[in-house]
1. Name the residue from 135, 74, 45 whose Cα lies farthest towards the positive end of the charge dipole of the range 1-147, charges +1 on Cβ of Lys and Arg and -1 on Cβ of Asp and Glu.
2. In whole percent, and with a 1.4 Å probe on the protein chains, what portion of the accessible area of the chain is carbon and sulfur?
3. Place a point 7 Å from Cα of residue 30 in the direction of its Cβ. Which residues in the range 57-72 have their backbone N less than 19 Å from it?
4. Under a 1.4 Å probe, what is the accessible area of the chain per residue, stated in Å²?
5. Considering only the other residues whose Cβ falls under 14 Å of the Cβ of residue 152, what net charge follows from Lys and Arg at +1 and Asp and Glu at -1?
6. Could you pull out every residue, at least 5 positions away or on a different chain, whose amide H is within less than 5 Å of the one on residue 202? Hs are placed 1.01 Å off N in the peptide plane, and Pro or chain starts have none.
7. Between helix 146-156 and the chain, what is the angle of the helix's C-alpha long axis to the longest principal axis, kept within 0 to 90° and rounded to the nearest 10?
8. Just how large is the dipole of the range 71-203 about the Cα centre, in debye to the nearest 20, putting +1 at every Lys and Arg Cβ and -1 at every Asp and Glu Cβ?
Amino acid sequence: MAPPEAVIFDLGKVLVDFDYSIAAHRIAARARMTAPDIQASIDHSPLLFRFETGRMSREEFFAEVRSTTGFDGTLQEFTESFADIFTPIEPMVRLHSELRRAGIPTFIFSNTNELAVGHIRSRFPFFGDFDGYILSYEHGSMKPDDALYDVVEATTGRRGASLLYFDDRLENVKTASGRGWRAVHHISPDESRKAAQQAGLLK
């Protein structure tokens, strides 16, 4: 089988780690709710789903969080508290860099929101070195919805085994596999590097 023609990376827990408890504690310092309750109201919540599918603006998201939690800061202060929760996963950033040097087109495919993306883009230079970005909030859909995978195929101009895909969530990997992609359940940087090597992209 020929090597893949493009590599697709999930963002959270693949290229960057994140911890919503950091945001929750910062917000709680200026709110009437406890940090655990704030985290529960944001992380994997219907509110975050609406934000990450583009059904509400950052101003609307902020207004709802402020109403729910009693946060008394500005939108800018909230943005800094909410978005500054990421750290690069350096071995995966290096893997991406090696693929780029080898001339392999790469893309980011992520369930995310504009506050997170704005922060990552401004803080982590590697984020600017991809051929394209398929971000849930820009398309009104989230993985593992097939509609978002359609966008990936249209954006990359490729489908099936010509795509190698890394994601930490098994349900997202299963949808990709069902479309014939070479989908890798990302467990560790070492395992994902081996998958890239086995696919014929790296020595």
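1. About the Cα centre, the residue reaching furthest to the positive side is 74.
2. 49 percent
3. 58-72
4. So the chain comes to 46 Å² accessible per residue, rounded to a whole number.
5. My count for the surroundings of residue 152 gives -4.
6. It is 197, by chain and number.
7. On a 0 to 90 degree scale, this one is about 60.
8. Roughly 840 debye, rounded to the nearest 20.
The values are calculated or read from the model by the stated rules, or taken from the named source; none is laboratory data. Not measured: the values here are computed from a predicted model. So basically every Cβ, Gly included, is an ideal-geometry build from the backbone, and we count neighbours across all protein chains shown. Quick note on the areas: whole protein, heavy atoms, side chains included, nothing else; ligands and nucleic acids left out. Shrake-Rupley method; radii C 1.70, N 1.55, O 1.52, S 1.80 Å.
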